[in-house]
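Enquirer: What follows is a single structure, and I will ask about it in a moment.
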Amino acid sequence: MISVTPCIIVCFLVALASGAPSPWIIGGEPATEGEFPSIVSVQVDVFISTFRHNCGGTIISERHILTAAHCLTAWTANTVRIVAGSTRAGVSEGDIYKVAALTIHEEYDQINAWINDIAIITLETPIVLKPGIVEIVTLPPEGQSPEDGAVAVVAGWGDTQARSDDLLRVEINIVNQRECQDIYYGIGYPVYPGQICAGVPQGNMGSCQGDSGGPLYVDGTQHGLVSWALGCADPGYPTVFTRINYYISWIQQHVQ
């Protein structure tokens with residue numbers, strides 16, 4: 001486990017780009033209808049208009065979706081689409097939206113511990129908002145972070161071994177930043193101020209393949225998006241999320 005390579009860490013999060021199989025939200029349970037109205041499925045064209053779920057995302061305006069940068073590096077606008085308003089990630093369920101543009105953070109660096117792992121998807125047409133079903137997410141003010149130990153909820157589709165498309169959710173806890181830095185420094189990976197960690201000490205609860213770009217909520221506010229980790233909810237290794245409040249100015253700059 002200690003002699004891990006960068007690809008082993010990140011490949012579980014970008015498995016679709018290489019065609020690798022994808023596990024699921026670990027230790028989770030199905031979300032109820034309307035529980036996460038801001039979440040969307042970011043789907044990609046894997047073969048001649050055959051779309052499948054690749055990553056999660058959230059609605060930050062009627063024309064914009066927030067997701068992880070690494071979810072989009074292998075794709076172009078015409079090979080990505082968004083499905084909103086469903087707890088399932090099937091290709092024919094929910095409202096489907098075409099993509100006009102992909103904006104990846106200009107300083108995203110996969111080699112350097114996936115720093116600035118954040119991106120915005122601009123849609124061709126506005127999302128039709130539906131109270132309780134399709135809504136704009138609440139983002140934190142710049143500089144406001146949840147307390148250590150706060151209960152957080154991560155949600156995502158990710159594939160299951162039985163190929164279930166249900167949206168799953170699991171509760172974990174915000175991990176102290178210094179503690180998380182020490183854990184990953186021990187295997188040669190920095191954790192930056194623009195990242196936030198969450199998990200449980202015993203592991204077996206958290207995110208995995210197909211959950212990348214999806215939200216980490218604390219009290220209904222999105223404080224993180226799934227970025228990377230060692231394995232899938234491995235004991236002792238929390239997931240590292242992109243810290244949303246660190247990027248509020250960047251988000252506002254690109255959502256016009």
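Enquirer: Test each condition in (1) at pLDDT 90 or above; (2) within 16 Å of residue 226 (Cα to Cα); (3) polar (S, T, N, Q) for residue 181 and report the one that comes out false.
Expert: (2)
Enquirer: Return yes when residue 224 is closer than 16 Å to residue 58 by Cα, surrounded by 22 or more Cβ atoms within 10 Å (Cβ to Cβ), modelled with pLDDT of 95 or more and outside the structural domain of residue 42 (by TED's automatic domain parsing) and no when it is not.
Expert: yes
Enquirer: If you don't mind, another one. Looking at region 90-106, can you tell me whether even one residue there is surrounded by 23 or more Cβ atoms within 10 Å (Cβ to Cβ) and under 17 Å from the mean Cα position of the chain (by Cα)?
Expert: Checked against the condition, which is being surrounded by 23 or more Cβ atoms within 10 Å (Cβ to Cβ) and under 17 Å from the mean Cα position of the chain (by Cα), region 90-106 yields no hits at all.
Enquirer: Quick one: how many residues across region 122-143 are part of a loop (DSSP other than H, G, I, E, B) and closer than 15 Å to residue 251 by Cα?
Expert: Residues that pass the stated criteria total 7.
Enquirer: Identify the single condition in (1) farther than 23 Å from residue 69 by Cβ; (2) part of a strand (DSSP E or B) that residue 224 does not satisfy, given that it satisfies every other one.
Expert: The number of the failed condition is (1).
The values are calculated or read from the model by the stated rules, or taken from the named source; none is laboratory data. A quick note: this is a predicted structure, and the numbers were derived from the prediction, not measured. Don't worry about glycine lacking a Cβ; one is built from the backbone with ideal geometry, like all the others, and counts go over all protein chains shown.
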